Amino acid sequence: MTRLVLIDGSSYLYRAFHALPPLSNAQGEPTGALFGIVNMLRAHIKEQPEYIAFVVDASGPTFRDDLDPQYKANRPPMPDDLRAQIEPMMAIVQALGLPILRVPGVEADDVIGTLAVQGAAEGMTVTISTGDKDFAQLVRPGVTLVNTMSGSRLDGDPAVIEKFGVRADQIVDLLSLMGDTVDNIPGVEKCGPKTAAKWLNEYGTLDNVIANAGAIKGKIGDNLRAALPRLPLNRQLATIKTDVELDGGPATLALRERHVEDLRRLYARYGFNQALKELGGAGDEAAAGANDASLRNTAAGYARAAQPSDEAPDPSLSVKGDYETVQTRERLDAWIAMLDAADEFAFDTETDALDAMQANLVGLSFSTAPGNGCYIPVGHTYPGAPAQLDLHETLDALRPLLEGPKHRKLGQHGKYDLHVLRRHGIDVDGYADDTMLESFVWNSSATRHDMDSLAKRYLGYDTIKFEDVAGKGAKQIPFSEVAIDDATRYAAEDADITLRLHRVLSAKLAEIPTLERVYRTIEVPLVPVLARMEANGILIDAEELRRQSADLSRRMLAAQQKATELAGRTFNLDSPKQLQALLFDELKLPALVKTPTGQPSTNEEALEAIADQHELPRIILEYRGLAKLRSTYTDKLPDMINRDTGRVHTSYHQAGAATGRLSSNDPNLQNIPIRTDDGRRIRKAFIAPPGRKLVACDYSQIELRIMAHLSEDPALVRAFASGADIHRATAAEVFGKPLEEVSGNERRAAKAINFGLMYGMSAFGLAKQLDIGRGEAQDYIALYFSRYPGVRDFMERTREFAKANGYVETVFGRRLYLDNIHARNQGLRAGAERAAINAPMQGTAADIIKRAMIEIDGWIAGHAEKAKMLLQVHDELVFECDAGFVDTLIAEATRRMSAAAELRVPLVIDSGVGDNWDQAH
DNA sequence: CTGCCGACGTAC
DNA sequence: GACGTACGTCGGCAGT
């Protein structure tokens with residue numbers, strides 16, 4: 001078979017630049033992207049293809065620019081550090097003997113497409129080497145796609161379908177629907193790969209999707225219809241040409257002799273020592289293809305890496321690793337020696353369950369350098385599983401490394417591993433970096449910070465997925481039953497990739513000192529604090545909840561019977577759809593509120609609006625309230641009690657909310673009811689054990705205080721300084737009367753304005769909130785701004801900052817990027833502006849309480865028997881402590897909470913004590 | 001039976 | 001179109 005390799009130089013250059021750390025040579029010239037490219041090229045040459053070409057874009061416009069002036073219009077200019085690597089790259093490609101193709105007026109994509117089709121037609125085996133997914137459209141018999149950076153390979157329709165959900169011949173249609181933000185091609189709003197694939201699987205082709213656009217329901221259907229005129233153009237832009245006029249065909253692209261002296265000079269200049277070493281046997285073809293020994297887990301590899309004086313290990317971040325399964329005491333000791341010699345290493349644990357408070361350890365993995373890694377199985381139990389090291393012996397041997405602060409430990413979501421290890425007797429110290437948190441601080445707007453997503457985003461690397469080794473759904477097996485070879489590939493890769501990610505992300509954070517500081521002084525120290533709070537858990541009175549459930553059930557049944565009677569038939573009160581049919585079709589009640597999808601809503605507001613016309617809406621509201629409490633709280637919480645501890649252990653998600661807030665899940669203890677009497681009763685079931693008390697300390701009006709601080713509004717700052725009830729003071733200010741003459745209604749209005757402002761509320765929203773006219777609401781707001789002009793200026797400044805910079809920041813420098821701040825879509829843009837106004841306040845509050853938690857945790861460590869921190873609810877901390885320690889705890893905790901930030905207004909803490917959480921308020 | 005999404009409602 | 005940030009439950013539906 002004759003082989004033809006077509007290398008997409010432009011895509012690799014960009015991807016290598018962004019995936020690799022900003023390396024430089026001894027002269028300070030940037031070499032990161034170059035390094036990735038050279039490794040990729042050497043891998044291809046090693047295969048000795050007969051024909052090969054390195055294809056790059058020529059400068060100047062192409063036919064796509066003629067089709068759409070906006071094409072690639074929002075591409076940022078090439079970074080200088082990347083531009084500087086182009087000439088050296090071309091020189092090395094030349095010296096390696098690769099034909100370079102650069103065709104004016106034609107994009108590299110189209111050159112590659114044309115040559116691929118010609119090559120396949122001539123019977124060649126064609127490999128397209130690229131980092132660009134768009135090329136999947138060219139996969140066909142004889143044409144394979146590879147990405148050496150991620151190791152992925154598409155060699156036929158089954159592989160394409162697995163990756164994209166459609167056949168290769170449908171890829172263009174898929175891309176047309178999705179659009180491409182990088183190339184500035186607008187697709188169907190909200191239509192990603194999943195939706196596009198779904199449509200194509202249903203209708204086959206883009207033309208058929210267009211023909212049936214009327215049949216697609218919902219908002220996404222509207223989006224599709226709105227995009228229809230654009231789609232044919234998208235298809236033209238997305239289609240890679242296969243019929244470009246070229247001077248020569250594939251047969252003119254023979255791999256030439258390499259120029260050893262040039263290579264030697266170039267490799268030396270850019271510090272590619274490994275490649276240089278392989279040149280040693282000049283003319284020896286085998287040497288050129290030898291694997292990079294420093295990346296392999298040979299005994300020699302360990303010895304080299306174990307020498308601190310040795311040069312840094314090969315920093316390639318984009319190759320597949322080579323991993324060892326550690327099954328003997330000798331190999332364990334060898335790894336321990338290597339870990340001990342490293343300043344920092346990445347670790348990961350594998351367990352048999354997702355719940356860190358229940359999971360058993362199945363194995364551990366470690367990595368000390370990109371590409372290396374080991375997996376130490378200690379708990380695989382399937383029939384025929386090979387002998388493994390003893391769990392306790394292994395942990396004891398690793399204990400000095402893990403429990404000492406000497407080595408910097410890196411993890412991805414390490415809080416989980418800290419829990420697992422603690423429950424197996426290892427108290428980790430020196431947990432120094434967490435890639436999930438690095439990613440979160442770097443860009444909190446990104447929704448996913450899991451390792452698979454980060455590897456893809458920052459390394460262009462496709463990781464082995466959990467389901468690849470353990471299956472999914474009903475067929476999923478616990479990790480303890482995964483074959484050890486599979487487990488090693490998966491688990492050691494986790495540690496390896498964590499380490500590589502850290503190299504990339506820590507370099508990024510270092511570029512922005514405020515972010516680095518948020519990460520280093522807030523997020524990283526918070527990890528063990530949260531782990532301790534989660535481990536503490538809170539005691540639940542299950543009997544009390546059962547009684548409440550029974551009471552709720554009784555009242556639900558009564559409501560249900562009444563509802564059936566009123567409706568004249570049975571129906572499911574839990575079904576908005578059935579409710580909608582009953583209320584608006586059968587009973588002909590007016591549908592005054594619509595859901596976001598345009599359906600008549602049956603939500604609280606809608607039912608309240610028609611409650612004076614029929615008895616049923618009121619009954620449904622009654623039922624809803626009861627059902628919510630029972631299903632979400634009184635029935636569920638008793639099930640969440642941990643069998644071993646007898647307590648409920650929530651899990652705090654540290655990278656969950658873009659503003660920097662924590663979130664809580666399994667169960668969510670940050671939304672336990674408090675506003676209604678029925679709901680509030682649930683808090684009576686959160687209790688302290690005999691002889692102990694629950695203490696709750698909360699920041700009084702912290703976000704409004706932050707608004708006063710940020711806006712520097714004199715009247716608002718003065719109001720807080722005076723210690724007055726802030727809503728009353730606002731009412732007095734706005735309505736122009738003494739504090740004591742403010743009516744209840746005026747205070748309520750002022751409170752609504754205060755809160756509404758922080759959320760970017762409009763007059764429309766305020767009117768709805770207060771059930772007043774829109775004009776009246778507008779008057780209130782105008783009056784408010786005339787009294788607090790600093791607040792209006794602050795809001796305007798914040799919007800302007802967001803528009804100019806694309807992000808807003810907290811007092812401590814945490815950033816929130818606002819992707820939609822320049823959106824064409826008015827609704828999206830307005831939403832981003834509201835988020836911009838809210839985030840500095842919500843985010844600063846989050847920073848402050850996190851700082852307080854770290855300080856309090858440090859103090860409480862010396863009193864661990866007497867007091868424990870249990871819960872955080874955004875502006876509140878809940879503790880459990882000995883009855884005789886309450887006063888000390890309140891004094892010490894409130895002092896630290898107040899001192900967590902120096903603002904222009906005081907930070908006031910309210911506190912309460914009780915036998916349960918209700919009393920403690 | 002499983003997985004996903006919309007609707008709804010709880011918290012701060 | 002109109003109030004920011006979360007999470008959990010349920011019904012409904014598509015697919016296995």
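The values are calculated or read from the model by the stated rules, or taken from the named source; none is laboratory data. Just so you know, these numbers come straight off a predicted model, no measurement behind them. Every residue, glycine among them, receives a Cβ derived from its backbone with ideal geometry; neighbour counts consider all protein chains shown.
Here A:613, A:599, A:654 are screened, and the one residue that is in contact with a helix residue (DSSP H, G or I) (Cβ under 8 Å, 6 or more places away or on another chain) and away from DNA strand B (no atom under 12 Å from the Cβ) is A:654.
Taken over segment A:441-476, the residue count meeting the criterion of being of a type outside the set (Gly, Ala, Ser) and either assigned to a loop (DSSP other than H, G, I, E, B) or at positive phi (or both) is 12.
Among the residues making up segment A:788-801, those that are outside any loop (DSSP other than H, G, I, E, B), in contact (Cβ under 8 Å) with a residue 24 or more places away in the chain and surrounded by 17 or more Cβ atoms within 10 Å (Cβ to Cβ) are A:790, A:791, A:794, A:795, A:798, A:799.
Does residue A:756 fit the bill of being within 15 Å of DNA strand C (Cβ to nearest atom), over 30 Å from residue A:552 (Cβ atoms), outside the structural domain of residue A:881 (by TED's automatic domain parsing) and touching a helix residue (DSSP H, G or I) at 6+ places or on another chain (Cβ under 9 Å)? When the stated conditions are applied, residue A:756 passes them. Enumerate the strands (runs of 3 or more DSSP E) found wholly within segment A:834-921, keeping only those where 3 or more residues are within 34 Å of the chain's Cα centre (by Cα) and either within 16 Å of DNA strand C (Cβ to nearest atom) or surrounded by 18 or more Cβ atoms within 10 Å (Cβ to Cβ) (or both). Hits in segment A:834-921: A:867-872, A:876-882.
For every residue, the table says whether it meets (1) part of a helix (DSSP H, G or I); (2) modelled with pLDDT of 95 or more; (3) buried (at least 23 other Cβ atoms within 10 Å of the Cβ); (4) not hydroxyl-bearing (Ser, Thr, Tyr).
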site	(1), (2), (3), (4)
A:756	yes, no, no, yes
A:765	yes, no, no, yes
A:777	yes, no, yes, yes
A:784	yes, no, no, no
A:803	yes, no, no, yes
A:821	no, no, no, yes
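For residue A:168, the criteria (1) within 16 Å of DNA strand B (Cβ to nearest atom); (2) touching a strand residue (DSSP E or B) at 6+ places or on another chain (Cβ under 7 Å); (3) of a type in the set (A, V, I, L, M) hold in every case but one, which is (1).
Looking only at residues of segment A:666-693 that are more than 9 Å from DNA strand B (Cβ to nearest atom) and charged (D, E, K, R), we find that the one that is surrounded by the most Cβ atoms within 10 Å (Cβ to Cβ) is A:693. Contact annotation: residue pairs with Cβ atoms under 7 Å, 6 or more positions apart or on different chains, pairing a residue in segment A:328-351 that is in a strand (DSSP E or B) with a partner that is acidic (Asp, Glu), are A:347/A:417; A:348/A:417; A:348/A:494; A:349/A:417.
Taken over segment A:367-395, the residue count meeting the criterion of being in contact with a helix residue (DSSP H, G or I) (Cβ under 6 Å, 6 or more places away or on another chain) and free of Cβ contacts under 8 Å to residues at least 24 places away in the same chain is 1. Of everything in segment A:555-580, what is away from DNA strand B (no atom under 14 Å from the Cβ), assigned to a helix (DSSP H, G or I) and exposed (fewer than 14 other Cβ atoms within 10 Å of the Cβ)? Give them in sequence order. A:557, A:561, A:565 - these are the residues of segment A:555-580 that are away from DNA strand B (no atom under 14 Å from the Cβ), assigned to a helix (DSSP H, G or I) and exposed (fewer than 14 other Cβ atoms within 10 Å of the Cβ).
Output the number of residues of segment A:637-665 satisfying the condition of being part of a strand (DSSP E or B), among the polar types (S, T, N, Q) and crowded, with 17+ Cβ neighbours inside 10 Å. Full working, then the answer.
Of all residues in segment A:637-665, those part of a strand (DSSP E or B) come to A:641, A:647-648, A:651-653, A:663-665.
Next, only the ones that are among the polar types (S, T, N, Q) stay: A:651, A:663-665.
Now narrow it down to the ones that are crowded, with 17+ Cβ neighbours inside 10 Å: A:651, A:664.
Residues flagged as part of a strand (DSSP E or B), among the polar types (S, T, N, Q) and crowded, with 17+ Cβ neighbours inside 10 Å within segment A:637-665 amount to 2.
Residues in segment A:880-892: is at least one closer than 24 Å to residue A:707 by Cα and of a type in the set (A, V, I, L, M)? Within segment A:880-892, none of the residues are closer than 24 Å to residue A:707 by Cα and of a type in the set (A, V, I, L, M).
Every listed requirement among (1) within 16 Å of DNA strand B (Cβ to nearest atom); (2) not in a strand (DSSP E or B) is met by residue A:716 save one, (1).
In the set (1) β-branched (Val, Ile, Thr); (2) part of a helix (DSSP H, G or I); (3) assigned by TED's automatic domain parsing to the domain that holds residue A:628; (4) touching a Gly at 6+ places or on another chain (Cβ under 7 Å), the condition left unmet by residue A:597 is number (2).
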